[in-house]
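Values in this text are rule-based calculations from the coordinates and carry no lab data. Being a predicted model, the structure only gives us computed values, none of them experimental. With ideal geometry, Cβ positions are generated from the backbone for all residues, glycine too; neighbour counts draw on all protein chains shown.
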Amino acid sequence: MDPSRNAAVGGNGTLVPQTNDSAASAAGADDSMQKLNQVSNSIQKTLGLIHQLYLTVSTFNAAFQMPLLQRINGLVVELDNMVKLAEKCNIQVPMEVVNLIDDGKNPDEFTKDILNNCIAKNQITKGKTDSMKNFRKHLLEELEETFPAEVETFRESRAASAAELKSLAQAQSVLPNGDVRVKGEH
């Protein structure tokens, strides 16, 4: 394996090669889409062959034995081709989605449930954050009533520390939220 490639473990336990090169990953994405389109076309062809096979079987008589065998052989060849094409694709589907499909349900329900769970967890986290902010505010108010000089020293120290961090971040082209400022390519 060349040093610019890493391997990550996929959701189903398979090794998924990853590259660090953005040009290689863009080319890989195009290649991936092409392979996915080939699999999709193979699936469509297989469905057509199954439909032809159904029509042949539903009107079967002895005269149709040779065309039936040819269509079965064609279906086997196309299924083999589909398996070979699918092995080249790296598509990971969560087992929950497969189970939903097996149960005859819409896989979009899985996405909807995941989003709803994320929203609920986000609201819980936001509530906890708001509670901590309110607690901090209330604590500072109570401390200021009891120890006004110490609280003033604390606030001055915090302001000086914040100013120092801000100037350091500007010097390093780091945004206040921790992101690195990137110059646009024009």
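Hey, what do the phi angles of the range 37-52 turn into as Karplus ³J(HN,Hα) couplings, whole Hz, using 6.51/-1.76/1.60 and θ = phi - 60°, x for Gly and Pro?
5, 4, 5, 4, 5, 5, 5, 4, 5, 5, 4, x, 5, 5, 5, 4
Sticking with the crude label model, points 7 Å out along Cα→Cβ, report the distance from residue 151 to residue 31 in nm, one decimal please.
6.4
With a/c under 1.5 counting as rounded, go ahead and sort the range 119-171 into rounded, prolate or oblate using the C-alpha gyration tensor (a ≥ b ≥ c being the square roots of the eigenvalues; past the cut-off, prolate if a/b is larger than b/c, else oblate). Working shown, then result.
Values: a/c = 6.89, a/b = 1.20, b/c = 5.75.
The shape class here is oblate.
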